[in-house]
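Every number here is computed from the coordinates shown, using simple stated rules; none is lab data. Note that this is a predicted model, so its numbers are computed, not measured. All Cβ positions, even for glycine, are placed from backbone atoms using ideal geometry, and neighbour counts span all protein chains on display.
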């Protein structure tokens, strides 16, 4: 009965807010920095456990960007282009002097299986022409070949947006098992409650790996509140959050900060920057931490059928994973 009353109350609230003046409507659909910039270089992140999780997060790199090194046959080199050069960033933008490389992010769920966003890898052609690079961190100017894994095949992929649902995920088989890295834990059932604290690991703008926290699962943003029926149906598949993410974070694992489980995949946002017309450069959008402007969409990992089947067929059925809904 309590759950029923809560559901009715939530629907009434959505209906009331749907008719609010759209004073902040211009903020809808943007990838931005919410409040303070909470991005850390992985090595600088204070929580050792999350630094360990980061070892199992990779960046997707086009094969043509990796060139065998003349000096060391066990390494690749790549063109050293800074974020400032690649994105025409304004002076003072954080990490603008670091080199960019990956175009998407992804993470291990089994020794030879990686999960990313569906829009990052849409075809077998993209599978064959891209590799997955681990340990691309601050200061990296050459890539160890042992940290580069090719995509052998796409096991499952969906990129679909309808009135009733969205789907945006890809499950990839790598060319060999990844050694020395532990596949990430992920939620098996239920869903994270509004207010659950989150962290994300990936490659914003193609930068060396970053960890960002200080975010939470939000109830709804303004864009969802003005389309309540569609949003109620679609939010079975995703939730919104005030994560500090950019292009390049697509496919990043979004963690429950308390349990260390992956809650979902970072899949959507929009523009990263405002154009500074005085200085002819780009600067990060900055907004408040209000739920009404939280535009980062996280695809719920429980909505990937292959992972359910993988768990059912594993030898670890009896292991108990914490569930926020319990």
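Computed from the alpha carbon positions, the gyration tensor of segment 27-312 leads to an equivalent ellipsoid with semi-axes of 28, 24, 17 Å, biggest first. The distance between label points at residue 126 and residue 311 comes to 2.6 nm (points 7 Å beyond Cα on the Cα→Cβ vector). Between residue 86 and residue 119, the modelled label-to-label distance comes to 1.8 nm, taking each label 7 Å out from Cα in the direction of the beta carbon. Can you give the FRET efficiency for residue 155 and residue 49, using 1/(1 + (r/R0)^6), R0 = 25 Å, r = Cβ-Cβ distance, to the nearest 0.05? The value I calculate is 0.30. Packing, as the average of other Cβ atoms within 10 Å across residues, places the peptides 140-149, 50-59, 205-214 in the order 205-214, 50-59, 140-149, highest first.
Residue separation of residue 233 and residue 259 scaled by 0.36 nm, minus their Cα-Cα distance, works out to 6.7 nm of gained length.
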